[in-house]
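Here is the structure we will look at.
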Amino acid sequence: MILAVNTENPAQQALKTGLNQYRQGTGAALRQAIEQLEIALKLWREQGDLTQEATTLQFLGLIHADLGEYQAAINYYRQVLRLLPQLSQPEYWEAPILELSAEVYLKWGEYQKALEAYEKAHSLRKEIGLDSAEAATLNSMGLLYYELGELDRALGYYKQAQLLLQRSENSADRKMTALILNNMGQVYSEQGELEKAKETYIQALNYWNALPERADVRTIRGQAATLNNQGYIYAQSNQFKLAQQTYNDALPLWQKIGDRTREASTLNNLCYVDFKQGNLDQALEICTQSLQIRQTVGDRTKQPLSLYYIAQIQREQGQLEAAVKTIEAALEIIEDLRTKVDRQDLRTSFFASKQEYYEFYIDLLMQLHKQNPEKGYDGLALQASERAKARSLLEILAESGGEVTSGIDPKLLQEKKQLQQELSALEQLRVRLLSREHTEEQRLTINQEIDSLLQQYRRLLTEIRASSPHYAELTQPQPLTLTEIQQKVLEQETILLEYALGKNRSYLWVVTPTSIESYELPGREEIERQVTEFRDSFLLPTQRIRRKLAEDTGKELAEMILPNSEKLSQKRLLIVADGVLQYVPFNALPTPGTLILEEDWTPLIVNHEIVTIPSASTLAVLRQEMKGRTPAPKALAILADPVFSYQDDRVKNVVPEKMKPLPPELERSARESGVLFDRLPFTEKEAERILDLIPTINSTKQFGFSARREFVTSQQINQYRLLHFATHGLLNSETPELSGLVLSLVDETGEPLNGFLRLYDIFNLKLSADLAVLSACETGLGENIQGEGLVGLTRGFMYAGAPRVVVSLWKVDDQATSELMVKFYQRMLQQNLSPVAALRVAQIDMWQQNKWSSPYFWAAFTLQGEWQAPKINPN
């Protein structure tokens with residue numbers, strides 16, 4: 001709220017000057033606005049005008065938020081909240097300030113704090129009893145859950161908001177209803193409920209069209225947005241003529257209000273519709289127009305999508321080399337923005353479908369290889385696959401809600417975060433400024449400000465790479481070329497099998513120290529279907545004893561994804577899988593071309609050591625980092641049989657009413673993975689049998705209540721070369737960032753503990769281990785299968801300092817796990833075999849026993865990471 005300006009009052013003059021500078025929109029102008037508002041603030045305080053003091057603090061918070069200075073913004077909002085007891089009608093101040101704070105937290109990636117602020121604001125709005133204000137808050141809460149991917153919860157809040165306003169004839173309320181309906185349509189669209197989305201958008205348009213103030217900018221913007229979204233539904237339903245008509249209705253509305261950013265988005269959508277109808281020349285012209293607008297307004301986050309469409313058109317026109325250059329320009333922007341821009345700003349841009357860009361690029365290079373097999377395009381495609389896998393991991397970390405702080409000076413990390421926020425904020429300011437009328441001086445000023453910050457940021461990245469190479473390898477990955485993979489990763493008896501799945505075609509590269517061969521495989525869906533059949537053949541309880549079914553489905557999968565047996569020879573297989581293939585037990589697949597009779601069936605592991613790695617480049621980095629590392633002084637730390645519930649018999653004197661639900665991220669991950677946190681009683685027996693192989697002085701056991709997160713995150717764990725986690729591990733295939741390990745969730749009295757070791761927690765561990773074993777991981781393969789849940793977890797342990805990880809791809813029968821683990825440790829500790837050799841011998845031993853011969857019992861465990869292992873001395 002602003003009071004009328006009295007030119008005789010210097011405080012009001014300073015406030016007016018500051019707000020005029022704020023409207024200019026450049027970073028320099030915003031800094032000048034802050035100076036004027038600080039003067040006004042000082043004068044209001046001297047005058048004792050609390051209302052104007054609160055107003056000025058509110059604007060200072062807004063401006064600092066626009067500059068990406070989120071902590072400063074929150075501090076100003078807190079000052080307003082501290083003034084509340086002294087303000088008249090404080091109830092009308094508190095909720096808006098809380099909502100502004102929530103918006104800042106949302107930009108900051110502090111989702112829990114944003115939610116808490118919104119919930120408090122909603123409670124206040126409800127007390128006041130103003131339905132329109134409460135509905136606006138509920139809509140904001142829906143948007144927050146939409147951002148987090150919690151679509152059902154988002155829809156629930158939108159419906160509550162709509163219900164509050166359904167009887168109102170007030171124009172502002174009807175405008176809010178139209179906005180809420182538009183948001184509901186987006187949820188239905190993402191859920192694949194296209195008919196519901198279509199109906200909801202029609203309702204929204206009816207509201208927009210019935211509003212009396214049709215020329216109002218907000219009304220025009222809302223109507224255009226709904227038309228644009230409706231056009232998307234028509235396009236997804238292959239109703240291209242209707243989509244084209246709807247987009248063409250939206251386009252002049254954006255032009256009328258001068259919103260060039262959204263004009264470019266609608267043009268891009270029109271380009272897609274023309275492309276799908278085969279109007280390639282017209283599609284190319286429209287997409288080029290969209291790209292030019294995005295370049296003019298400086299909207300770099302949307303430029304890759306325009307470039308992607310242009311590259312697709314060029315491919316259809318037979319211009320493969322031009323398409324390669326175009327998609328490389330898109331990928332260059334994507335990878336540049338990933339290092340520079342705050343993660344929140346990328347959630348709704350091109351990263352929603354980031355893998356499509358890499359899939360397209362790989363497929364394009366392989367099509368060129370087919371045309372020109374001697375020009376090395378297959379090697380470039382392999383390098384592109386390595387790039388894609390490195391970027392995919394970064395995305396999971398960005399989505400995980402935490403920060404990797406291990407391996408970098410905290411001051412450098414803080415400086416990096418601050419510069420990212422400032423760059424992100426200035427980029428948004430530039431888009432806003434250049435999307436409306438502006439002077440050449442304003443354009444030059446904001447560009448110079450961004451260039452200056454970029455120079456600072458690049459100098460900082462150089463400093464980080466020099467002083468913190470471990471952290472830089474993770475956040476600024478440098479994928480290996482084909483030659484580097486052959487020289488730095490492979491040895492004479494090792495063959496690399498690297499996969500890249502695509503919608504229409506997938507690819508396999510078979511690489512030796514001196515050669516590369518590539519194979520075209522079926523598309524992703526066909527491979528996923530065959531993988532599911534193979535896994536079901538031994539994972540479903542009714543199928544486990546029918547070994548023949550596993551052999552038949554395994555044969556079909558092996559013939560689909562493996563080269564002929566003579567290509568494999570008697571060699572170690574180094575596998576870089578992709579997508580659903582990361583959940584395939586390659587060790588149990590029959591050797592291709594050898595399965596003639598049932599009794600001839602021989603699993604791949606009989607003739608091969610099998611190692612999986614996140615990427616070939618990861619292995620090279622691991623080897624570099626492990627050079628010269630001093631071994632940990634003790635042998636084994638083992639965590640087993642944690643306490644997950646106050647209902648566990650080991651919990652005494654608990655009062656059920658005191659119990660709290662699971663932490664929301666753990667509850668969600670468990671729900672998506674289909675996991676129940678049942679007790680794992682057999683794991684303690686398993687652990688005791690393993691501990692019998694090692695002198696007590698060289699080991700530690702953390703059982704039951706002692707199997708806590710605090711032990712894993714403490715310095716104690718650095719003392720051990722072997723780490724064994726016999727607890728639930730979640731390999732979340734739908735939301736990889738929610739993967740993690742579950743340790744004790746309650747203490748001896750039943751009080752809740754934080755026992756969820758999340759992905760970013762694992763990356764921040766400091767380990768000296770040669771090997772980490774995760775013996776009870778569970779994977780629920782949902783519809784949206786991503787392999788990154790497994791990659792994220794294992795790569796996290798590798799980054800933390802464990803160069804090799806044994807992980808299970810499904811939860812195995814307790815007795816079988818115990819049997820296999822004991823055999824594994826015996827071979828490793830008593831027969832002095834390397835971890836990969838010990839695991840292979842133990843699994844072959846299990847396979848040869850009738851009781852355990854089904855792959856279900858022995859094939860779940862896979863070694864990820866470095867196979868060139870030092871021998872583990874139990875003493």
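Is the stretch 82-173 rounded, prolate or oblate when judged by the Cα gyration tensor, a ≥ b ≥ c being the square roots of its eigenvalues, rounded requiring a/c under 1.5 and prolate requiring a/b larger than b/c?
Oblate.
Taking the beta-carbon count within 10 Å as an exposure proxy, list Thr514, Thr17, Thr177 from fewest neighbours to most.
Ascending Cβ contact count within 10 Å gives the list Thr514, Thr17, Thr177.
Based on DSSP, what percent of beta bridges with both residues in the chain are antiparallel, to the nearest 5?
Approximately 45 percent, going by the DSSP bridge assignments.
Tell me, Kirkwood radius of the chain from alpha-carbon pair distances, in Å?
Over the chain, the inverse of the mean reciprocal pair distance is 29.9 Å.
Give me the net charge of Val531's neighbourhood, meaning all other residues with Cβ under 12 Å from the Cβ of Val531; Lys, Arg count +1, Asp, Glu -1.
Numbers: positive: Arg524, Arg529, Arg535; negative: Glu525, Glu526, Glu528, Glu533, Asp536, Glu556, Asp578.
So the environment of Val531 carries a net charge of -4.
Compute the signed sum of charges (Lys and Arg +1, Asp and Glu -1) over the other residues within less than 14 Å, Cβ to Cβ, of Leu57.
Details: positive: Lys42, Arg45, Arg78, Arg82; negative: Glu38, Asp49, Glu53, Glu94.
Net of charged neighbours comes to 0.
Largest first and to the nearest Å, give the Cα extent of the stretch 408-467 along each principal axis.
44, 15, 12
Given R₀ = 25 Å, FRET efficiency for Gln239-Ala210 by Cβ-Cβ distance, to 0.05?
0.50
Calculate, for Ser515 and Gln849, the FRET efficiency according to 1/(1 + (r/R0)^6) with r their C-beta to C-beta distance and R0 56 Å; round to the nearest 0.05.
0.90
Around Gln244, with a cut-off of 14 angstrom between Cβ atoms, what is the net charge of the other residues, counting Lys and Arg +1 and Asp and Glu -1?
0
Starting from 0 in steps of 5 Å, tell me what percent of the Cα-Cα pairs of the stretch 506-574 lands in each bin.
Histogram of Cα-Cα distances, whole percents per bin: 3, 15, 21, 19, 17, 14, 7, 3, 1, 0.
Per DSSP H run of n ≥ 4, the term is -39500 (n - 2.57); total these for the chain, divide by its residue number, and report the mean residue ellipticity at 222 nm rounded to 500 deg cm²/dmol.
-19000 deg cm²/dmol
Give me the mean projected area, in nm² to one decimal, of the convex hull enclosing the Cα positions of the stretch 802-875.
So the mean shadow area of the Cα hull is 4.9 nm².
Only Lys, Arg, Asp and Glu count, each charged at its Cβ (+1, +1, -1, -1), so figure out the dipole size of the chain about its Cα centre, rounded to 20 debye.
Its charge dipole is roughly 900 debye.
Among Ser617, Ser306, rank each residue by its count of other Cβ atoms within 10 Å, from fewest to most, as a rough exposure measure.
Ascending number of Cβ neighbours within 10 Å: Ser617, Ser306.
For the chain, which cysteines have no disulfide-compatible partner, meaning no other cysteine Cβ under 4.7 Å?
Cys777
What list do you get for Trp509, Trp867 if you sort them by fewest beta carbons within 10 Å?
Trp867, Trp509
Where the centroid of each part is defined by its Cα atoms, how far is the stretch 143-204 from the stretch 304-327 in Å?
Taking the Cα centre of each part, the stretch 143-204 and the stretch 304-327 sit 36 Å apart.
Taking amide H positions as placed in the peptide plane 1.01 Å from N, state which residues far from Ile575 in sequence (5 or more) or on other chains have amide H under 5 Å from it.
The list, which skips near neighbours in sequence, is Leu497, Val611, Thr612, Ile613.
Readers should treat all values here as calculations from the given coordinates under stated rules, not as data from a laboratory. Only a predicted model underlies this, so the values are computations on that prediction, with no experimental measurement involved. Ideal geometry is used to build each Cβ from the backbone, glycine not excepted, and the neighbour counts take in all protein chains shown.
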